[in-house]
Amino acid sequence: MLIITIVVVALALATLATTAFVVASRRRSAVRSLPGSARQTRPAPAARTSPPEKVAPPARAAPVEDQDRAGEAPGASDVAPTELSDTAEPAAPEVAEPAAPEVAEPAAPAEAVAPAEEEKPARFKDRMVRARTLLGGYLSAVRQKGRIDESTWEELEEALILADVGVLATAKLIDGLRIRVKSKEITDPASLISALRADLVELLSGDRVLKISDEGTTVWLFVGVNGVGKTTTIGKVGLRETSNGHRVVMAAGDTFRAAAADQLETWAQRAGATVIRGNEGGDPGAVVFDAVQHAAAKACDLVLADTAGRLHTKTNLMEELKKVRRVAERPPGVVTETLLVIDATTGQNGLTQARQFAGAVGVTGVVLTKLDGTAKGGIVVAIAEELGIPIKLVGLGEGVADLVEFNPEEFVDALLSES
């Protein structure tokens, strides 16, 4: 029994030993299959590493002029672009200062002489073809009549109305002629046309001289609606006045139209004049004031002031125009002329404009532009008769020499002549 017990115990121990061996073998196999970091039972101490070397960023490409100087300054390229020199300081932020009025000084005297001054002045008869053509048919019919009858008056009245002479002026002219026919002073159609000519010349006669003040700085203010040619008229007047010996300053008071000041500068260069301009959309009164002060400081005797075009029906715009005139009259400024520029092609609407502007700023004279492009030249008569404002200048074309002084005799002859 003892032997059997020993044998059983030995077998059990052998079984246990075999089982332990198998388990140990499996564990070793499992450990070998894991990554190396997982086989460590303790975390290895972290190895000390030196800090990474500083690597300079790639140098920026230098401008061409810096590359050219690289050969003269060895080692300059070794300096990192992020390093600042001892003298370099950060740029200060820009501060917008109130802009002073720009002053465009006159060009050299050699450039002040414009070739256009050599042009011959335009003739009324050559340029008023359309107006003469309109009246020609009616007047020819009157001349061909053997006597003066009611049809004569009808044709004459219709001709004057179509030419935009206006109802009031036409009625006054016809009534005067009727009285003279009844008194036998006028007896035939030819005499009737001659009498009409004389009446028109007398009606259009008046003070047409553009005045210069003996004291202070003379200011001529140009007003009118948009598109009538104010800026171009100022340029042509400036060219004429500099050729007459005046020292001219042009005030770019039309601050609401970007091209107006540039257009005025172009004319000033031709005339040898100075231009004062302000910021776009700025106060036109300030521009005119600065122009007067500049003229006084530089001993210039004449300021030609442009203004923004405005509808005569807009009360607030007309009030602003009154302000501009008041500013222009501050010493040493003396406003001797307020010239209303009217487009002759607008016909009777020009008469309405003249009435409104005259009430607002005291118009002293009219500049009638584009008279060569209309058959309604009679508006000249309507303005003179109904408002008593003299026509001082007329535009008979695009050239510099086409802006001429108004001549009643030449105008009426061009209007009534047969050819």
- request: Place the peptides 120-132, 284-296, 172-184 in order of packing, highest mean first, counting for every residue the other Cβ atoms within 10 Å and averaging per peptide.
  value: 284-296, 120-132, 172-184
message: What's the ranking of 345-351, 144-150 by average number of surrounding C-beta atoms within 10 Å, highest first?
response: 345-351, 144-150
- prompt: Tell me which lysines have Cα within less than 30 Å of Lys322's Cα, excluding those fewer than 8 residues away on the same chain?
  reply: Lys211, Lys230, Lys236, Lys298, Lys314, Lys370, Lys392
field: Distance in nm between pseudo-label sites at Val167 and Ser191 (7 Å out along the Cβ direction from Cα)
entry: 3.3
field: segment 185-268: chymotrypsin sites (Phe, Trp or Tyr not before Pro) in DSSP loop, at most 16 other beta carbons within 10 Å
entry: Phe256
query: What shape does segment 197-254 have by the C-alpha gyration tensor, where a ≥ b ≥ c are the square roots of the eigenvalues, rounded means a/c under 1.5, and otherwise prolate means a/b greater than b/c and oblate the rest?
result: oblate
query: Which residues' amide hydrogens lie under 5 Å from the amide hydrogen of Thr336, considering only partners 5 or more residues apart or on another chain, with H built in the peptide plane?
result: Val219
query: Of the GluC sites (Glu not before Pro) in segment 167-241, which ones lie in a loop per DSSP and count no more than 16 other C-beta atoms within 10 Å?
result: Glu185, Glu215
statement: Calc'd 3J(HN,Hα), segment 358-365, phi into Karplus 6.51 cos²θ - 1.76 cosθ + 1.60 (θ = phi - 60°), Hz, glycine/Pro = x, comes to 4, x, 8, 10, x, 5, 9, x
- prompt: Quick one: net charge of Leu192's neighbours, Cβ under 12 Å, K/R +1, D/E -1?
  reply: +1
- prompt: Val248's amide H: which non-local residues (gap 5+, or another chain) put their own amide H closer than 5 Å, with H modeled 1.01 Å from N in plane and none for Pro or chain starts?
  reply: Thr274
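Coordinate-derived values only; no laboratory data. As the structure is a computational prediction, the values presented were derived from the model and not from experiment. Heads up, the Cβs are rebuilt from the backbone with ideal geometry, glycines too, and the neighbour counts pull from every protein chain shown.
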